[in-house]
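The values are calculated or read from the model by the stated rules, or taken from the named source; none is laboratory data. The model shown is predicted, which means the values in this text are computed figures rather than measured ones. We place every Cβ from the backbone using ideal geometry, glycine too, and count neighbours over all the protein chains shown. Just the protein is used for accessible areas: all its heavy atoms, side chains included, with ligands, DNA and RNA removed. Shrake-Rupley method; radii C 1.70, N 1.55, O 1.52, S 1.80 Å.
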Amino acid sequence: MSKEILNFLTENPVQFFATIGMDNKPKVRPFQFMLEKNGKLFFCTSNQKEVYGELTNNPYVELCSCNKEFSTWIRIKGKVVFDDNLEIKTAIIEGNSLVKSIYQTAFNPNFEIFYLENIEASIFDFSGNPPKTFFF
């Protein structure tokens, strides 16, 4: 895992997350990066949401976020892998008050976590230099 990617996501935790909808058209929504564990970027959602069905139907996603100055941005694409790791679910619940207010406990049957695999991440800026691209 690149420290540069992880630092960018930690400093700018809200991303715009693109999926393919059940109507085969793109859908974009804000998402929040939760944590990194064992080189994997973790996110969460509810299995009651439309996005869960989209991700199980077509697990390929892309997300984008920018810094507060809008001078640097990141694009990440990869494949979603759902995970039932209770330790990671607990860390997400305890590390994010909004998530905790929604799900209360890692045992909530609606609470789903996932990570991305086969990641291609690029960091862009207005310097005129080519983007920095990472694969993991």
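Here are the numbers:
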item: The stretch 55-136 - percent of accessible surface contributed by carbon and sulfur, probe 1.4 Å; result: 54 percent
item: Folded to 0 to 90 degrees: helix 86-95 orientation relative to the chain principal axis, Cα; result: 70 degrees
item: 3J(HN,Hα) from dihedral phi, the stretch 14-19, Karplus parametrisation 6.51/-1.76/1.60, rounded to Hz, x for glycine, proline; result: 9, 10, 9, 10, 9, 10
item: Solvent-accessible area per residue for the chain (1.4 angstrom probe, square angstrom); result: 57 Å²
item: Highest-first arrangement of 22-29, 64-71, where packing means the average Cβ count within 10 Å; result: 64-71, 22-29
item: Dipole moment magnitude, nearest 20 debye, the stretch 2-90 about Cα centre, only Lys, Arg, Asp, Glu C-beta charged; result: 120 debye
item: Length-normalised contact order for the chain - Cα pairs under 8 Å, 6+ apart - percent; result: 24 percent
item: For the stretch 22-35, Karplus couplings with θ = phi - 60° (6.51, -1.76, 1.60), whole Hz, Gly/Pro x; result: 5, 8, 6, 10, x, 10, 10, 8, x, 9, 10, 5, 9, 6
item: Estimated [θ] at 222 nm from DSSP helical runs (n ≥ 4, -39500 (n - 2.57)) normalised by residues in the chain, nearest 500; result: -7000 deg cm²/dmol
